[in-house]
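Student: Before I ask anything, here is the structure I am working with.
The values are calculated or read from the model by the stated rules, or taken from the named source; none is laboratory data. This is a predicted model, so every value here is computed, not measured. Here the Cβ positions follow ideal geometry from the backbone for every residue, glycine too, while neighbour counts run over all protein chains shown.
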Amino acid sequence: MSASTTELGQSQPPPSAPPQENYLTAGYGWRSWLLTTDHKRIALLYLISITAMFALGGIAATIVRLELVTPPSDLVQPATYNKLFTMHGVIMVWFFLVPSIPTVMGNFVLPMMLGARDLAFPKLNLASWYLFIAGGAVTLWALVSGGVDTGWTFYTPYSTESSTTNVVPVAVGIFISGFSSILTGLNFVVTTHRMRAPGLTWFRLPLFVWSLYATSIILLLATPVLAMTLLLVAVERLTGYGIFDPMLGGDPLLFQHLFWFYSHPAVYIMILPGMGVVSEIITCFSRKNIYGYAFIAFASMMIALIGFLVWGHHMFVAGQSVYAALVFSLLSYLVAIPSAIKVFNWTATLYRGSISLDSPMLYTLGFIALFTIGGLTGLFLAALGMDVHVHDTYFVIAHFHFIMVGGMVMAYMAALHYWWPKMSGRLYPDGWARLVAIQAADPDSSCSTSRATSPRADASRRRRAKWCKAT
Amino acid sequence: MNADFTLFPDQASTTAERVDGLLALLLLVTVSFATVIAMLVFYFAVRYRRRSVTEWTPRIMGSLKLELAWTLFPAGIALVIFLWGAKVYFYIVKPPAGAEEVYMVGKQWMWKVQHRGGQREINELHIPVGKPVKLTLTSEDVIHSFFVPAFRTKVDVLPNRYVHTWFEATKPGIYPLFCSQYCGTGHADMTGWVVVMEPADFQRWLGEASEGSLALEGRKLLLKYQCVSCHSADAHARGPVLERLYGTPVTLTDGRTVMADESYLRQSILDPDAQVVAGFQSIMPTYEGQIDEEELIALIEFLKTMQTGATPERVDTARPPTARRETATNSNGDAPASLSPPGENKPQSEDDPE
C-alpha cells in the first residue's frame, strides 16, 4: 500500500486521463498541496500521513511480536519492549485508527455524497490536517527521544508518579491531535446538517454519511474529555498537585473513569466508519439496495449514544461499586444489539443479489466474518463473572484486535480499493488485490495477537508483508 | 514451571467451576451465531454469484417482522447471559463468613504475604484446600492486579485502599499467580505461586513458618507508636476506646455513621481528620509516611482481635505525639529516621529471592 501511496504523491496526472482538469491536475507546486483547501487534496494529505503512521505502528508491533517468539528477553530489553508496545498503541489508536476512514474517505466522498462543493469549513479542514501533523510530530519526537512506557492507557498513578519516561510530551502530542479530531467532527456535522443538496432528506442519505455523522458526534463530544484528562495527568506530573495519585490525595480510579469515558466511545469512532463502508460496498457488489436501511441508520446512532454509557465495563475488577458494574454490564449488552442488527442486515442484503467477489467485496466479507468474531467475544467480556477471569489478558487484546484489525483495517482497505479509481483515475491490479484480500481475512494474519506464539501467524504476516510490497 | 501448553488453566476453585459453566454457555451461544452467519454469507456468496454482467436483482427493502425477530431474540439471549454473569460475579465478590484471612501487599515488583499467625511469604501464598480464604490486598506504589487463572479470580490492587477477594481451592497443587495490571519494567516478572495444601500439611507449614502472631506484632506497634497514650481503655481519654471497635458502627462528628472496617481503621490512622468520631477533637497527627503497609496490616489485625481489657498499658514515659502541624514539620525535618522502623519490627528482607 505504501508503495502505491508514494507513487501517487509524486507522479501527478494519470497519463491516459482525458485532458480535462481535475483535482489532481489543478496545480503541481508544493504550495498547491500544502495550502490547498480542496477536500479531495486534504484527503490525500491525510492518506499519506496516516499511511506513514500505520507503517510506524506496524514496525513497533512487528518488533514486539518478534521479541515474543521466545520467552526470555533477547531482541529487546523489558524497558524497550514496554516503550514499543506503548508506541504501537499510541500511534495505531490516535494516529491511524481514529483518523483513518473519516479523514481520508470522509473528506473525499462526504461532500460528493451530499452534493456539496466542499466541506462547510474548508480552511478549518486544512487546519485540522496541520494540527494532526503537529500533534503527530510532537508525539513522534517524544517517542523517538526516549519513548514512553505507560501503555496507551496512561494508567495512574504509574503514569504520574512512577514512570520516568516522556509521558508529558506524548500527552501534549495527543492533546494537539485531539483538536484535529474535534474540528473534523465539527466540520462533518455542520456539513451534513447544512449542505445537503435540495431534496436530499435524512432518510435518503447514503449509510456511509449516517455512520460518519454518528462518528462525528462522538469525535465532537468525547475528545474534549480526553484532552482534559491528559491535561490533568500533565498537571499532576509537572506540579505535583494531587489529582490521581493517592499519595497526594488524588484518586487513581478517577483517571480510569475519565479515560474510558473517552476511550470507550473512541472505539466506536474507530469502528462506525468501517460499518458505513461495509454498508456501501455490500450493496454495490451484490447489486442490491441495502436491507433494512432505517435500522442500520438508527443502529449507528444508537451505538453512538449508548457507547457513551458503557465505559465502566473496563473497570469490572478495578474496584468500582458492584452495582455500578451491574448497570455497565447491562448497558454493554444493550450496545451489542445494534451491531448485531447491522450484521444481520448486511447478510440479508446478499440474499438474491448478484454477487461479484472483487477485492473491495472480499475485504467486506472478511470484515463481516472477523467483526462478528470480535463482537461475539465482547459478550464474554460484558458478562461480569466471566470478565473477572479474562480481564487484562490476551483475550481482551484479541477481542480488541479482531474489531480494530479484522474490522476497521479490513474496512479501510475495502474503502481504499473501492474509491481508489475515483481518487486516482486508475485501477489497481485486481488479481493481486484479490489475493491480498483473501489472505488478509485469515485470522492468523490479520489478528495474530491472539496467537501469542504461533509460528504460523508470523509466517503469514511475512507473507502478507511481501504481498503488500508487491502491490 | 508449566512448560506444557494447555488450552484451559486448571480448574482448582469453587469459583472456577461456576465461571466455567458460564463459559460453556457463552461458547455455545457465540459459536452458534458465528457459524450461522458464516454459513449464510458463504452460501449466499456462492448461490447468488454473478453469472452475467446484465443480471437482474429484486428490490427487497426489508421486513419489520424479521428486524424485530433478530433484535429481540439476541436481546433475550443477552439478558440470560447478563443475569448468569451477574450471579457468578456476586459469588466472586462476596467472601463467605468465617473465611481464613490472609493479607497481601503488592509493590513493584513482588507480592508480600502476611498470615494471621505471623507467617510471611514473598511471591508465594500457602493456603489449605477446601477452606474459603479471604484476601485483603493493598499496594505500596502503583496499581497491580492479583490474578490466579486456576481460581478464575482477579482483583486490581490499588494504593491507599484495601480491596478484597476470596476463593476456596478444591484440589492441592501449585498454581501460578500473576500481576495482570501493567505496573512497569518488572511487571512480567511479578509472578508467584499459590501452594494449595492438604489441611494437615498446611497446619505443619504454619507451625514451621511462624514467628509469633500478626496480632502480637500489631500489639507491639500499638506501643511503639504510642497509640495507647490517647487510645487508652479510659472512657475519658483523648481518643476513642479501641476495644471491640472493629465491625461496629461509628457515629462521626458530622452525624454520619460508618462501619469500622479495615478501610475505616486504615484511613483513621493515615488521615485522622477525614472521619472523626463524634465527641472527640481532631487532634490526632497523621501517620502517613511513618508507618508502612505491612505494619498497618499488623496493627489493624490487632485492632480486629481486641476484646475488652486488651488495651496494653503504657510502658514508656516519652511524650505522646502532639498536634498535627507540629508533627508534620518534624517528620519533614527528619524523614529518613522516622521512615525506618527498629530492627525487631523490620519486615522480612524485600530483596528479590533470586
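Student: Just name the residue that is nearest to the chain's Cα centre (by Cα) out of those in the range A:306-335 that are facing chain B (nearest Cβ under 7 Å) and surrounded by fewer than 21 Cβ atoms within 10 Å (Cβ to Cβ).
Tutor: The extreme case among them is A:LEU330.
Student: Regarding A:SER286, is this residue hydroxyl-bearing (Ser, Thr, Tyr) and either free of Cβ contacts under 8 Å to residues at least 12 places away in the same chain or more than 8 Å from every other protein chain (Cβ to nearest Cβ) (or both)? Steps first, please.
Tutor: Working: hydroxyl-bearing (Ser, Thr, Tyr): yes; either free of Cβ contacts under 8 Å to residues at least 12 places away in the same chain or more than 8 Å from every other protein chain (Cβ to nearest Cβ) (or both): no.
No.
Student: Now for a separate question. Residue check: is B:ILE174 surrounded by fewer than 19 Cβ atoms within 10 Å (Cβ to Cβ), within 30 Å of A:ASP251 (Cβ to Cβ) and more than 14 Å from every other protein chain (Cβ to nearest Cβ)? Step through it out loud before you land on a result.
Tutor: Values: surrounded by fewer than 19 Cβ atoms within 10 Å (Cβ to Cβ): yes; within 30 Å of A:ASP251 (Cβ to Cβ): no; more than 14 Å from every other protein chain (Cβ to nearest Cβ): yes.
So B:ILE174 does not fit the description; no.
Yes/no matrix, rows are residues, columns are (1) modelled with pLDDT of 95 or more; (2) assigned to a helix (DSSP H, G or I); (3) within 7 Å of chain A (Cβ to nearest Cβ):
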position	(1), (2), (3)
B:TYR43	yes, yes, no
B:ARG51	no, no, no
B:THR54	no, no, no
B:THR57	no, no, yes
B:ILE60	no, no, yes
B:TRP70	no, yes, yes
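Student: Scan (1) more than 7 Å from every other protein chain (Cβ to nearest Cβ); (2) surrounded by fewer than 18 Cβ atoms within 10 Å (Cβ to Cβ); (3) over 19 Å from B:VAL157 (Cα atoms) for the single condition B:PRO128 breaks and write down its number.
Tutor: Going through (1) more than 7 Å from every other protein chain (Cβ to nearest Cβ); (2) surrounded by fewer than 18 Cβ atoms within 10 Å (Cβ to Cβ); (3) over 19 Å from B:VAL157 (Cα atoms) one by one, B:PRO128 breaks only (2).
Each row is one residue, and each column tells you yes or no for (1) in a strand (DSSP E or B); (2) within 19 Å of B:ALA298 (Cα to Cα); (3) in contact (Cβ under 8 Å) with a residue 12 or more places away in the chain; (4) touching a helix residue (DSSP H, G or I) at 6+ places or on another chain (Cβ under 9 Å).
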residue	(1), (2), (3), (4)
B:PRO96	no, no, yes, no
B:LYS112	yes, yes, yes, yes
B:GLU121	yes, yes, yes, yes
B:LEU125	yes, yes, yes, no
B:GLY130	no, no, yes, yes
B:LYS134	yes, yes, yes, no
B:VAL142	no, no, yes, yes
B:PHE147	yes, no, yes, yes
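Student: In addition: Restrict the check to the range B:163-181 and report whether at least one residue is farther than 27 Å from B:GLY21 by Cα and outside any strand (DSSP E or B).
Tutor: Pass one, the range B:163-181, residues farther than 27 Å from B:GLY21 by Cα: none.
Within the range B:163-181 (the criterion being farther than 27 Å from B:GLY21 by Cα and outside any strand (DSSP E or B)), the answer is no, since none of the residues qualifies.
Yes/no matrix, rows are residues, columns are (1) surrounded by 15 or more Cβ atoms within 10 Å (Cβ to Cβ); (2) touching a helix residue (DSSP H, G or I) at 6+ places or on another chain (Cβ under 9 Å); (3) closer than 22 Å to B:MET104 by Cβ:
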{"site": "B:GLY207", "(1), (2), (3)": "no, no, yes"}
{"site": "B:CYS230", "(1), (2), (3)": "yes, no, no"}
{"site": "B:HIS236", "(1), (2), (3)": "no, no, no"}
{"site": "B:LEU242", "(1), (2), (3)": "yes, yes, no"}
{"site": "B:VAL250", "(1), (2), (3)": "yes, yes, no"}
{"site": "B:SER263", "(1), (2), (3)": "yes, no, yes"}
{"site": "B:LEU270", "(1), (2), (3)": "yes, yes, yes"}
{"site": "B:PRO285", "(1), (2), (3)": "yes, yes, no"}
{"site": "B:MET306", "(1), (2), (3)": "yes, yes, no"}
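Student: Sticking with this structure for a sec: Name every residue in the range B:67-123 that is surrounded by 17 or more Cβ atoms within 10 Å (Cβ to Cβ) and of a type in the set (Asp, Glu), in order of residue number.
Tutor: Those that are surrounded by 17 or more Cβ atoms within 10 Å (Cβ to Cβ) and of a type in the set (Asp, Glu): B:GLU67, B:GLU101, B:GLU121.
Student: Does A:THR156 count as surrounded by fewer than 17 Cβ atoms within 10 Å (Cβ to Cβ) and within 14 Å of chain B (Cβ to nearest Cβ)?
Tutor: Details: surrounded by fewer than 17 Cβ atoms within 10 Å (Cβ to Cβ): no; within 14 Å of chain B (Cβ to nearest Cβ): yes.
No: the conditions fail for A:THR156.
Student: Looking at A:GLY407 and the list (1) at the interface with chain B (Cβ under 10 Å from one of its Cβ atoms); (2) in a helix (DSSP H, G or I), which single condition is not satisfied?
Tutor: Evaluating A:GLY407 over (1) at the interface with chain B (Cβ under 10 Å from one of its Cβ atoms); (2) in a helix (DSSP H, G or I) leaves (1) as the failure.
Student: Of all the helices (runs of 4 or more DSSP H) wholly in the range B:189-270, which have at least 1 residues that are polar (S, T, N, Q) and modelled with pLDDT of 85 or more?
Tutor: On the way: elements: B:199-209, B:214-224, B:262-270.
Once the helices (runs of 4 or more DSSP H) in the range B:189-270 are filtered for at least 1 residues that are polar (S, T, N, Q) and modelled with pLDDT of 85 or more, what remains is B:199-209, B:262-270.
Student: A follow-up question, please. Only one of (1) outside any loop (DSSP other than H, G, I, E, B); (2) in contact with a Lys or Arg (Cβ under 9 Å, 6 or more places away or on another chain); (3) hydroxyl-bearing (Ser, Thr, Tyr) is not met by B:SER282, so which one is it?
Tutor: (1)
Student: Now for a separate question. Would you check if there is a residue in the range A:149-170 being farther than 11 Å from A:VAL233 by Cβ, of a type in the set (Gly, Ala, Ser) and part of a loop (DSSP other than H, G, I, E, B)?
Tutor: Looking through the range A:149-170, at least one residue is farther than 11 Å from A:VAL233 by Cβ, of a type in the set (Gly, Ala, Ser) and part of a loop (DSSP other than H, G, I, E, B).
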